[in-house]
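Since the structure comes first, as structure tokens, the remarks are kept for the end.
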Amino acid sequence: MKKFLLISFIPVLFFAQTHNKSITELKQQIDIEIESTHSMQLKPSPDKKKPGLAIIYSLILPGMGELYANAYDSGLYFTIADGVFWSAVAGFNIYGAWKEDNYRSFAESRGSVYLDGKDEKYFADIGNYVDIYQYNRTQELNRNFNAIYDETTHFWQWESNSQRSEYRQMWTSSENAYNNVRFAVGALILNRLASAINAVRLVSAYNQRIEDNSWNVSVGMTSNPNLPPSLNLNFVTKF
């Protein structure tokens with residue numbers, strides 16, 4: 001709803017009566033005055049926020065977009081969640097690396113494995129077969145000759161099935177930890193997207209409040225050779 005207040009100090013009527021001017025002449029002079037009015041407008045409302053900046057801030061650190069929109073009370077939860085997810089990434093990485101060192105050392109000492117030059121598939125395969133001979137025979141039966149290992153470079157042999165299972169458990173723990181890192185990273189990405197969407201919503205609400213509570217002052221000065229100068233003051237506000 002708009003409210004309009006017009007304050008005009010125009011001593012035109014007094015001037016017209018003093019000089020015995022007709023209504024027609026007075027109207028012509030007023031028209032001339034209106035045409036010669038020069039206004040200066042003042043808008044003391046704060047600048048609007050930019051949604052693009054809110055998105056960038058939230059992508060860098062969740063919650064900062066909400067802070068930019070002057071609504072960090074909701075952004076605080078995104079910042080806390082980001083810290084939790086980063087802690088999970090670090091924790092799973094540390095645990096996974098620790099378990100990886102354990103199963104590699106176990107394979108070297110108990111399974112006669114030479115560690116250098118071995119890939120992830122090799123360390124997965126030695127946990128499924130008691131020795132390289134059992135593995136190679138299985139690949140031959142399946143006619144998967146490209147997967148056969150060279151006994152001189154990729155040899156391994158567990159003393160028993162229980163020893164192989166012990167190694168397999170350590171390897172599985174390490175892999176699960178690394179898989180959890182991927183989930184934590186995904187959570188970090190989703191947290192940033194959710195914060196960006198929320199920040200854009202809050203920036204839109206902030207800008208709407210500015211428009212609804214804005215006000216405008218217009219000051220104008222009119223001059224005419226046949227009339228005294230007059231001052232016009234206009235005040236417009238929206239609630």
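The values are calculated or read from the model by the stated rules, or taken from the named source; none is laboratory data. Keep in mind that this is a model prediction, so the values were computed, not measured. Because the Cβ atoms are built from the backbone with ideal geometry, glycine has one as well, and the counts that use them run over all protein chains shown.
So here's what we get for this one:
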| item | result |
| --- | --- |
| Single condition residue 210 does not satisfy, out of (1) of a type in the set (A, V, I, L, M); (2) touching a Leu at 6+ places or on another chain (Cβ under 9 Å); (3) modelled with pLDDT under 95 | (2) |
| Residue within the stretch 136-152 that is under 30 Å from residue 208 (Cα atoms) and crowded, with 18+ Cβ neighbours inside 10 Å present | no |
| Any hit, the stretch 147-154, residues being of a type in the set (Phe, Trp, Tyr), outside any loop (DSSP other than H, G, I, E, B) and more than 18 Å from residue 173 (Cα to Cα) | no |
| Qualifying residues in the stretch 72-86 (those that are of a type in the set (Gly, Ala, Ser) and crowded, with 18+ Cβ neighbours inside 10 Å) - the one nearest to the chain's Cα centre (by Cα) | 75 |
| Unmet criterion (only one of (1) at pLDDT 95 or above; (2) small (Gly, Ala, Ser); (3) surrounded by fewer than 17 Cβ atoms within 10 Å (Cβ to Cβ)) for residue 199 | (3) |
| Close pairs from the stretch 125-147: first modelled with pLDDT of 95 or more, partner among the small types (Gly, Ala, Ser) and part of a helix (DSSP H, G or I), Cβ under 9 Å, at least 6 apart | 125/147; 126/107; 127/107; 127/165; 135/147; 136/147; 139/147 |
| Long-range neighbours under 8 Å by Cβ, at least six apart or interchain, first residue in contact (Cβ under 8 Å) with a residue 60 or more places away in the chain within the stretch 107-118, second loosely packed, with under 14 Cβ neighbours inside 10 Å | 107/115 |
| Residues of the stretch 87-110 classified as surrounded by fewer than 15 Cβ atoms within 10 Å (Cβ to Cβ) and either hydroxyl-bearing (Ser, Thr, Tyr) or within 27 Å of the chain's Cα centre (by Cα) (or both), total | 5 |
| Count of residues meeting criterion [among the basic types (Lys, Arg) and without any contact (Cβ under 8 Å) to a residue 40 or more places away in the chain] in the stretch 49-86 | 0 |
| Residue under evaluation residue 123, criteria (1) assigned to a loop (DSSP other than H, G, I, E, B); (2) under 27 Å from residue 99 (Cα atoms), criterion not met | (1) |
| Enumeration of residues in the stretch 124-148 that are basic (Lys, Arg) and touching a Gly at 6+ places or on another chain (Cβ under 8 Å) | none |
